[in-house]
Amino acid sequence: MKITSMATGFGALVEDIDLKEITDRDANRLRAALLEHGLLVAHKQNLSPQEQISVSETFGTLESFPPSVAKIPGLPQIFRVASRATDGNTDVGRYWHSDGSFKERVTPISIWYLVEQPKVGGDTLFTDLQLAYEELPAPMKMEIGQLITAHHNGIQHSLVLAHPKTKKLGIYLNVGLTGGIVGLEPDKSAMLIKKLDAHFSRPGAVYTHEWQAGDFVVADNFHVAHKATPISAEYRRILNRTTVRSDGVRWFDKDIYVADQNVHA
Ligand SMILES: O=C(O)CCC(=O)C(=O)O
Ligand SMILES: [Fe+2]
């Protein structure tokens, strides 16, 4: 299995591997790479929904969804995103966000597998939230350092959030579902959110994933945000998503990794 950094400045390409047949060592390398790069991309996988679930479990215990959104009978772990309502959930995430940010305990990892490749459109954009924080001017870092965001449903999070495992600071912001910043006038908060939204899309910051059938993509939701682009129902697109539960995440464990490398050296 080959893991190489992508030219974007974050994310890594995973090659020469059939994810259905990974060893414990490969699994550990994938978890290490996710923590380091924030985003993993593997092409040309061939996974049934059940196999997608098994491979996803490399990163932890999965969330379950009610049948109204899960769509595949008997597989509540798969949230199906689609361009046509008859296939799945449409109009999902057309703004910068991390999945599950509207919950008290947010979703740490999201994993996608493209089942049906549309002829036109349907790219997914990714941006690095830690680089976004690092690349803010110092006064801006000061200004936002202690701010709290409030979702429309009342759930609050720190705008600048330390990654639960690496402790690196990143901007944690759901541009679509955030109602405002606690303690700021509505117009000031709207202006700040707009500014950060634009900052996420600043030149050179965005990786555009042009999906091919069989693509398997893993995102650390504390490290990267994503944004769906428009797709016409004329073009069929089916994207199966699994998400890791906040209490079930399996971050890479350095001790296991080092011990494992010694064994395999
Ligand atoms: O359809 C997409 O490109 C992504 C949609 C989304 O935000 C998600 O699946 O979490
Ligand atoms: Fe999403």
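The values are calculated or read from the model by the stated rules, or taken from the named source; none is laboratory data. For clarity, every value in this text was computed on a predicted model and none was experimentally measured. Here the Cβ positions follow ideal geometry from the backbone for every residue, glycine too, while neighbour counts run over all protein chains shown. Ligands, DNA and RNA are excluded from the accessible area calculation, which covers all protein heavy atoms including side chains. Shrake-Rupley method; radii C 1.70, N 1.55, O 1.52, S 1.80 Å.
Expressed as a whole percentage, what fraction of the accessible surface of the chain belongs to carbon and sulfur atoms when a 1.4 Å probe is rolled over the protein heavy atoms? Walk me through the numbers before you get to the answer.
On the way: 6450 of 12480 Å².
Here carbon and sulfur together make up 52 percent of the probe-accessible area.
The value given for region 124-265 is a Kirkwood hydrodynamic radius of 17.5 Å, derived from the mean inverse Cα-Cα separation.
Using the average count of surrounding beta-carbon atoms within 10 Å as a protection proxy, the listed peptides 189-198, 138-147, 117-126 rank, highest first, as 117-126, 189-198, 138-147.
Scalar couplings 3J(HN,Hα) for region 37-48, obtained by applying the Karplus form with A = 6.51, B = -1.76, C = 1.60 to θ = phi - 60°, are 9, x, 8, 10, 10, 10, 9, 6, 8, 9, 10, 6 Hz; x denotes Gly and Pro.
Amide H to amide H, with H built 1.01 Å from N, Ile148 comes under 5 Å of Leu159, Val182, counting only residues 5 or more places away or on other chains. Calculated on the Cα set of region 64-115, radius of gyration then Dmax: 11.6, 31 Å. Here the Karplus relation 6.51 cos²θ - 1.76 cosθ + 1.60, evaluated at θ = phi - 60°, turns the backbone of region 146-156 into coupling constants of 10, 7, 10, 8, 10, 6, 4, 8, x, 5, 10 Hz, with x for every Gly and Pro. For the chain, the pair-distance distribution built from all alpha carbon pairs, in bins 5 Å wide starting at 0, is 1, 6, 13, 17, 19, 17, 13, 8, 4, 1, 0, 0 percent. Less than 5 angstrom separates the built amide H of Gly60 from those of Arg250, all sequence-distant by 5 or more or on a different chain. Across every pair of non-identical alpha carbons in region 48-88, the mean reciprocal distance, once inverted, gives a Kirkwood radius of 10.7 Å. For region 1-121, pairs of C-alpha atoms spaced more than 19 angstrom apart make up 55 percent of the total. Accessible surface calculations at 1.4 Å, restricted to protein heavy atoms, place the chain at 47 Å² per residue. Considering only the other residues whose Cβ falls under 12 Å of the Cβ of Thr107, what net charge follows from Lys and Arg at +1 and Asp and Glu at -1? With Lys, Arg at +1 and Asp, Glu at -1, the net is -1. Derived scalar couplings between HN and Hα for region 128-133 equal 8, 6, 6, 5, 4, 5 Hz in order, rounded to whole Hz, by the Karplus curve 6.51 cos²θ - 1.76 cosθ + 1.60 (θ = phi - 60°), x for Gly and Pro.
As an exercise, use a Förster radius of 41 Å and the Cβ-Cβ distance of Met191 and Thr86 to find the FRET efficiency, rounded to the nearest 0.05. Display every interim value, and only then the final one.
Numbers: r = 40 Å, r/R0 = 0.98.
According to the calculation, E is roughly 0.55.
Just add up the charged neighbours of Glu234: K/R +1, D/E -1, any other residue whose Cβ is under 11 Å from the Cβ of Glu234. Write out the running numbers ahead of the final one.
Numbers: positive: Arg84, Lys119, Arg236, Arg237; negative: none.
Charge balance in the 11 Å sphere: +4.
Considering all projection directions equally, how large on average is the shadow of the alpha-carbon convex hull of region 182-255, in square nanometres? Show your work: numbers first, answer last.
Values: hull surface 37.3 nm².
Computing the convex hull of the Cα atoms and averaging its projections yields 9.3 nm².
Ordering of 85-92, 107-114, 155-162 by packing is 107-114, 155-162, 85-92, highest average first (other Cβ atoms within 10 Å, averaged per residue).
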